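Participant: After the structure tokens below, expect a handful of questions from me.
The values are calculated or read from the model by the stated rules, or taken from the named source; none is laboratory data. What you see is a predicted model, and the numbers here were worked out from it, not measured in a lab. Every residue, glycine among them, receives a Cβ derived from its backbone with ideal geometry; neighbour counts consider all protein chains shown.
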Amino acid sequence: MQMNSTLPERGASRVTLSIMLMLVAGGVAACGLDRPTVPNYNNPTPAGLAGDPVGGVQLAANGLVFQLRAQIAGWISGAGIMGRESFNYTPTEGRSTTCWLQKMDYACGGGSAFWNGFYTESRNVYTFLNTVEATAGLSAAQKDGARGFAKTFEAYSLGFVAERGKFGGPTEVAADPRTLTPFVSRDSMYNYVIGRLDQAKTHLAAAGSAFAFTLNSGFTGFNTPATFLQFNRALAARYNAERASLRNPACGANGTACYQLVLQNLTEAGSFVDAANLQNGPTWIFSTAAGDATNGLSDAASPFVVAHPSVKTDAPLRADGSLDLRYQSKVLTLATAIGTGSAVPGIATDQDYKIYPTQSSSIPMIRSEELILLRAEAEWFTGAKGAAITDINTIRTTSGGLAASSLTTASTDDQFITELLLQRRYSLMFEGHRWVDVRRLGKLTTLPIDVPSAPQVLYDDLVIPQGECLARAGAAANLLAPTCP
């Protein structure tokens, strides 16, 4: 892949600067009598790590977490708009409506918000791994821990690229950042992501009882190699399920072979899969502390990010006629409906999310509730339909306060998918999943087109960003990007 200064606002230079500022804020400069000597915290070198291997790896690990965290709010907001979960009705920026709902073309950035930052993460992982390999200051177990951590984050980051569209992207990182590397198909990208997670699994199993660095409080319960491995296996289950549902021939009929891997991954995740603690899982943490990042989805940060009105009209009813408990706990009704605030075509909504109430509210990475729904999906398509229904009903009754579903083992695949999507919609509301889910399960056209005359569209994929196309113009055929004009 190629990163250059022509890329829009989430490009490498801006993100790298953010990482550098964060890392410098976390470090201590050694001062001489005549001038300060400042270590390169953004790109620690083997020599630097040899002098302070643990401190250097800590700073670099912080950078990997920080870089991927910086992409999450944008992903949830953009995917939320395309998945008809949310709107961004900022009155001074009509493109938040027109670009995401009408024409995601190069004038809008071409979906670069779902590209540049994730590839910056890949480059940072590449540098991190090379630096760790080159230092003699870490034990074998500490190196394995660092490898397992970094490869898990690389896979997590590229998983978003696989989810953004059918065109795939590069997976290889060259030593020279100016060197182009080939595109691979979406399924090959999923295969790479899953393979990277499996490599990380092997590293983490050999990493001893502790990392050489400390993970932040968002990883509480998942901050040792053994417990971080549970997180790794949960991600593997997610991406194996996504790959299976796309019905690639490599997954066999109905995705069975890949769905069997989902069940294996969830077994390996162990106690992470816990019906008694559906919120269990690592989170992205934010704060208002100097130098830290705030949650960009909170009402305080983005008061014009609101919920699509269908979140209420589609909510299941409980036995007493009240709405699903998930709707009640996550959504509120505004006194006055909010519209686009301009001539941009859109519909008003009086629904708003209360999931992220403050700028310090955390965002889930993956939760036990998602894992149980992934298990239900895999069980159904591997023939364990009774077990799948049990898992679906666990979520309905525990999380939604609903009666058991009407599914039986004689239900059709289409009936099961409809029920699965309903439960995933309300259980994982505004966490960045619905747009991905309806596309991978063949239900994109069930999303509403609110203004047919605008016209609004339903995106099945996003074009490759213009900067990537320009960087590859004139390259050899095997290095050209698909969908470039």
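Participant: Can you tell me which residue is surrounded by the most Cβ atoms within 10 Å (Cβ to Cβ) among those in the range 288-312 that are over 30 Å from Ala335 (Cβ atoms) and either under 22 Å from the mean Cα position of the chain (by Cα) or touching a residue at least 12 places away in the same chain (Cβ under 8 Å) (or both)? I'd like the intermediate steps shown before the answer.
Facilitator: Taking the range 288-312 first, the residues over 30 Å from Ala335 (Cβ atoms) are 289-293.
Filter once more, so that each one left must be either under 22 Å from the mean Cα position of the chain (by Cα) or touching a residue at least 12 places away in the same chain (Cβ under 8 Å) (or both): 290-293.
On the way: Ala290: 6, Gly291: 11, Asp292: 14, Ala293: 19.
Per the stated criteria, the residue is Ala293.
Participant: Can you pull out every residue in the range 134-187 that is closer than 27 Å to Arg439 by Cβ and hydrophobic (A, V, I, L, M, F, W, C)?
Facilitator: Answer for the range 134-187, where residues must be closer than 27 Å to Arg439 by Cβ and hydrophobic (A, V, I, L, M, F, W, C): Phe153, Ala155, Leu158, Phe160, Val161, Ala162, Phe167, Phe183, Val184.
Participant: Against the condition surrounded by 17 or more Cβ atoms within 10 Å (Cβ to Cβ) and within 17 Å of Gln423 (Cα to Cα), how does Val262 come out, does it pass?
Facilitator: On the way: surrounded by 17 or more Cβ atoms within 10 Å (Cβ to Cβ): yes; within 17 Å of Gln423 (Cα to Cα): no.
So Val262 does not fit the description; no.
Participant: Scan the range 264-298 for residues that are within 30 Å of Arg375 (Cα to Cα), among the hydroxyl-bearing types (Ser, Thr, Tyr) and out of contact with any Gly (no Cβ under 9 Å at 6 or more places or on another chain) and jot them down.
Facilitator: Listed by number, the residues that qualify are Thr267, Ser271.
Participant: Another question about this same structure. Here is a check on your reading of the model: is Phe286 among the aromatic types (Phe, Trp, Tyr), more than 25 Å from Thr397 (Cα to Cα) and in contact with a helix residue (DSSP H, G or I) (Cβ under 7 Å, 6 or more places away or on another chain)? Even if it seems obvious, please write down each step before you answer.
Facilitator: On the way: among the aromatic types (Phe, Trp, Tyr): yes; more than 25 Å from Thr397 (Cα to Cα): yes; in contact with a helix residue (DSSP H, G or I) (Cβ under 7 Å, 6 or more places away or on another chain): no.
It is false that Phe286 is among the aromatic types (Phe, Trp, Tyr), more than 25 Å from Thr397 (Cα to Cα) and in contact with a helix residue (DSSP H, G or I) (Cβ under 7 Å, 6 or more places away or on another chain).
Participant: Kindly provide the set of residues from the range 328-377 that are among the small types (Gly, Ala, Ser) and either closer than 21 Å to Pro91 by Cα or modelled with pLDDT under 95 (or both), ordered by number. So that I can check it myself, show each step before the final result.
Facilitator: Keep residues of the range 328-377 that are among the small types (Gly, Ala, Ser), which gives 329, 335, 337, 339, 341-343, 346, 348, 360-362, 368, 376.
The answer is Ala335, Ala337, Gly339, Gly341, Ser342, Ala343, Gly346, Ala348.
Participant: Assuming Asp391 fulfils every condition listed in (1) crowded, with 22+ Cβ neighbours inside 10 Å; (2) assigned to a loop (DSSP other than H, G, I, E, B) apart from one, which condition is it?
Facilitator: (2)
Participant: Next question. Could you tell me whether the range 436-452 includes any residue that is outside any loop (DSSP other than H, G, I, E, B), in contact with a Lys or Arg (Cβ under 7 Å, 6 or more places away or on another chain) and charged (D, E, K, R)?
Facilitator: First, pick out the residues of the range 436-452 that are outside any loop (DSSP other than H, G, I, E, B): 436-440, 444-446.
When the remaining residues are screened for being in contact with a Lys or Arg (Cβ under 7 Å, 6 or more places away or on another chain), the result is 437.
Remaining after also requiring charged (D, E, K, R): 437.
Yes, that holds for at least one residue.
Participant: Which of the residues belonging to the range 120-179 are closer than 20 Å to Leu479 by Cβ, assigned to a helix (DSSP H, G or I), out of contact with any helix residue (DSSP H, G or I) (no Cβ under 6 Å at 6 or more places or on another chain) and free of Cβ contacts under 8 Å to residues at least 60 places away in the same chain?
Facilitator: Tyr126
Participant: Being under 19 Å from Asn232 (Cα atoms) and buried (at least 23 other Cβ atoms within 10 Å of the Cβ) is the requirement here; does Lys151 meet it?
Facilitator: When the stated conditions are applied, Lys151 passes them.
Participant: Residues of the range 333-386 being under 30 Å from Ala257 (Cα atoms) and basic (Lys, Arg), which ones?
Facilitator: Residues satisfying the conditions are Arg367, Arg375, Lys385.
Participant: Turning to a different aspect of this structure: Can you name the residue in the range 262-301 that is touching a strand residue (DSSP E or B) at 6+ places or on another chain (Cβ under 7 Å) and of a type in the set (S, T, N, Q) and, of all such residues, is nearest to Ser406 (Cα to Cα)? Steps first, please.
Facilitator: Initial filter on the range 262-301 (touching a strand residue (DSSP E or B) at 6+ places or on another chain (Cβ under 7 Å)): 281, 283-284, 295, 297.
Imposing the further condition that a residue be of a type in the set (S, T, N, Q) reduces the set to 283, 295.
On the way: Thr283: 34, Asn295: 39 Å.
Of everything passing the filter in the range 262-301, Thr283 is nearest to Ser406 (Cα to Cα).
Participant: Here's a follow-up. Using the structure shown, decide if Asn248 is polar (S, T, N, Q), over 20 Å from Glu370 (Cβ atoms) and out of contact with any strand residue (DSSP E or B) (no Cβ under 8 Å at 6 or more places or on another chain). Don't jump to the end; show me each part of the working.
Facilitator: Working: polar (S, T, N, Q): yes; over 20 Å from Glu370 (Cβ atoms): yes; out of contact with any strand residue (DSSP E or B) (no Cβ under 8 Å at 6 or more places or on another chain): yes.
When the stated conditions are applied, Asn248 passes them.
Participant: For the range 458-483, give me each residue that is assigned to a loop (DSSP other than H, G, I, E, B), under 17 Å from Cys108 (Cβ atoms) and more than 23 Å from the chain's Cα centre (by Cα).
Facilitator: Thr483
Participant: Would you say Ser188 is surrounded by fewer than 21 Cβ atoms within 10 Å (Cβ to Cβ), under 30 Å from Gly442 (Cβ atoms) and of a type in the set (Ser, Thr, Tyr)? Don't jump to the end; show me each part of the working.
Facilitator: Details: surrounded by fewer than 21 Cβ atoms within 10 Å (Cβ to Cβ): yes; under 30 Å from Gly442 (Cβ atoms): yes; of a type in the set (Ser, Thr, Tyr): yes.
The answer is yes for Ser188.
Participant: If you don't mind, there's one more thing I want to ask. Examine the range 358-376 for a residue that is within 23 Å of Phe87 (Cβ to Cβ) and of a type in the set (Asp, Glu), and state whether such a residue exists.
Facilitator: No, there is no match, as no residue in the range 358-376 is within 23 Å of Phe87 (Cβ to Cβ) and of a type in the set (Asp, Glu).
Participant: Can you tell me which residues in the range 376-387 are under 27 Å from the mean Cα position of the chain (by Cα) and either buried (at least 24 other Cβ atoms within 10 Å of the Cβ) or over 14 Å from Ser245 (Cβ atoms) (or both)? Before the answer, list the steps.
Facilitator: Here is the first cut: in the range 376-387, the residues under 27 Å from the mean Cα position of the chain (by Cα) are 376-382.
Correct list: Ala376, Glu377, Ala378, Trp380, Phe381.
Participant: Right, here's the next one. Run down Ala113, Ala73, Ala61 and say which single residue is assigned to a helix (DSSP H, G or I) and over 18 Å from Gly218 (Cβ atoms). Reasoning before the result, please.
Facilitator: Numbers: Ala73 fails: over 18 Å from Gly218 (Cβ atoms); Ala61 fails: over 18 Å from Gly218 (Cβ atoms).
Residue meeting the stated conditions: Ala113.
Participant: Can you give me the number of residues within the range 180-214 that are assigned to a strand (DSSP E or B) and not aliphatic (A, V, I, L, M)?
Facilitator: Selection size over the range 180-214: 1.
Participant: Right, something else. For the range 342-354, enumerate the residues that are touching a residue at least 60 places away in the same chain (Cβ under 8 Å) and buried (at least 19 other Cβ atoms within 10 Å of the Cβ).
Facilitator: Val344, Gly346, Thr349, Tyr353
Participant: Is it the case, given these coordinates, that Tyr259 is outside the structural domain of Gly165 (by TED's automatic domain parsing), more than 18 Å from Gly145 (Cβ to Cβ) and either without any contact (Cβ under 8 Å) to a residue 40 or more places away in the chain or aromatic (Phe, Trp, Tyr) (or both)? Break it down stepwise before answering.
Facilitator: Numbers: outside the structural domain of Gly165 (by TED's automatic domain parsing): yes; more than 18 Å from Gly145 (Cβ to Cβ): yes; either without any contact (Cβ under 8 Å) to a residue 40 or more places away in the chain or aromatic (Phe, Trp, Tyr) (or both): yes.
Here the answer is yes, as Tyr259 does meet what is asked.
Participant: Within the range 313-358, track down each residue that is within 27 Å of the chain's Cα centre (by Cα) and basic (Lys, Arg).
Facilitator: Listed by number, the residues that qualify are Arg326, Lys330, Lys354.
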